[in-house]
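To start, the structure itself, in structure tokens.
The values are calculated or read from the model by the stated rules, or taken from the named source; none is laboratory data. Just so it is clear, the model here is predicted, and its values are computed rather than measured. Accessible surface areas use protein heavy atoms only, side chains included; no ligands, DNA or RNA. Shrake-Rupley method; radii C 1.70, N 1.55, O 1.52, S 1.80 Å.
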Amino acid sequence: MTRRSEWPEPREPHAGDRDRTGGGAPSPSRAGGGAPPPPEEQARAICLRLLTGSPRTRKQLADALAKRGIADEVAAEVLSRFENVGLIDDAAFADAWVESRHRGRGLARRALARELRTKGVDSALIDEAVGQLDPEQEERTARELVERKLRSTRGLDREKRLRRLAGMLARKGYSEGLALRVVRRALEEEGDDPELLDHYLPET
């Protein structure tokens, strides 16, 4: 397997490519007229720079290369090489994304799948990644989100309170049925009258 350290170091362009004291004459170190590096080297440098900041999907890197004028065939070759050495791994990206965004933001499977699609992850990989979240875990997270939000809604009328709590869950990708069930349970546990809740939240 080719190791990243065996690749040629990408050349970083800088303002010193021209002799600042020579009236714009080429520097001796750039004998040869200052020709730009080959497209493959440019593509590698772009990808490495982007990957240094954070993991990226193949589609994200492909879009970045296209935006910088790298030909499709050159981009495909470089990206495949990056995949072969493990620098691009969409499956690992999707798994890590689901773990991070569910724990950090409380996003449900539907919202996570939508985000991964925008990043160009293959549908099969998305299904596998969001499958890490079983329905029980998703419901536990929804209940925790409602419990944290509950206090800030006290003092509101019942209908506004219900809309705010259920809307918060909907924005995070939870289904309507799950949202209503979790909100109803939280309000009942807080002491709200189940008969009054029936008017807004029927049993699900």
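Descriptive notes on the structure:
- Backbone HN-Hα couplings from phi across segment 163-179 [Karplus 6.51/-1.76/1.60, Hz, Gly and Pro as x]: 4, 5, 5, 5, x, 4, 5, 4, 5, 8, x, 7, 5, 4, x, 5, 4
- Computed over protein heavy atoms with a 1.4 Å probe, the accessible surface of segment 81-190 works out to 56 Å² per residue.
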